[in-house]
Amino acid sequence: MSSPSSTLDQPLPFVWPEGKRAAVSLSFDDARPSQVDAGLLILDRYGIKATFYLSPPNIEQRLEVWRNAAAHGHEMGNHTLTHPCSGNFVWSHANALEDSSLERIEQEITSASDTIRDLLSVTPTTFAYPCGQKYVGRGESLQSYVPVVARHFIAGRGFRDETVNNPSFCDLAQVMGVDSDGHAFESLQAWIDRTVKEGAWLIFCSHDVGDFPRQAMPVDVLDALCRYCADAENGIWIDTVASVASYIHQQR
Ligand SMILES: [Zn+2]
């Protein structure tokens, strides 16, 4: 995560609802069981709705809890059916974006939405690019699959991006997502404070919730993050990726 310091003197000229000064979304990828085992309790305690980018094979491990979370307003987003990433990842070598096509990635996406609809009775309206990678093929025949995501969703979220979203300018089909795993609350707060100063939209991306060796947000960090974002003094609109993207779309 690079330095979040702002270079703006004035906030962006964009009007957030109810006098809020910025928007923050919390997102969690892969439907990891710790998200419902440890994360939901904290989010619900503060009345915060988060976005979960679900990997369908993991949903059935906690099916009833996911159903309940969906019914109570947490967003269930699309993260493809089989999580294809670069074949440079050993675990994705047999399911590599380099060997894929626009037709195959569209099939991945529509199959994931069908599965989520069957299991949870909700239809995903936003997407998170697995590994933040947005291409199929390689070299001169490489193609971006951002247009496929744009056809199916109101927003597509990246991963390990280096900045926040300018609501007047951002391409909703590839909004920036900032990695929030493995950080102390103070470093996440610096990102939020910069976002408020700019009047922008910050999307945090996490994986597990709890005490894990990698790709996790500790429980006390999630609690502190929720407390800070829910505090009306801080002027933050904290809501799902779908809610914020819809608002931005309407304002344009
Ligand atoms: Zn993922």
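Since every read-out is calculated from the coordinates, none of them should be taken as a lab result. Keep in mind that what you see is a predicted model, and the values were worked out from it rather than measured. We place every Cβ from the backbone using ideal geometry, glycine too, and count neighbours over all the protein chains shown.
In table form, for the structure just shown:
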quantity: Among 182, 139, 156: highest mean-square fluctuation, GNM of the chain, C-alpha pairs under 10 Å; calculated: 139
quantity: Ordering of 82-88, 242-248 by burial proxy (mean other Cβ atoms within 10 Å per residue, highest first); calculated: 242-248, 82-88
quantity: Shape of region 99-168, Cα gyration tensor, a/c cut at 1.5; calculated: oblate
quantity: Distance between modelled label sites at residue 58 and residue 118, nm, 7 Å Cα→Cβ extension; calculated: 2.0
quantity: Cα gyration tensor shape of region 13-55, rounded if a/c is under 1.5, else prolate or oblate by comparing a/b with b/c; calculated: oblate
quantity: Rg and Dmax [Cα atoms of region 1-131; Å; Rg one decimal, Dmax integer]; calculated: 17.4, 49
quantity: Antiparallel content of DSSP bridges confined to the chain, in %, to 5; calculated: 10
quantity: Selected from 97, 142, 188 as most flexible by GNM, with the chain as the system and alpha-carbon contacts under 10 Å; calculated: 142
quantity: Contact order relative to length of region 17-251, as percent, for alpha carbon pairs under 8 angstrom and 6 or more apart; calculated: 28
quantity: Computed magnitude of the charge dipole of the chain (debye, nearest 20; Cβ of K, R +1, Cβ of D, E -1); calculated: 400
quantity: Amide H within-cut-off set for residue 238, under 5 Å, with H built and near neighbours excluded; calculated: 24
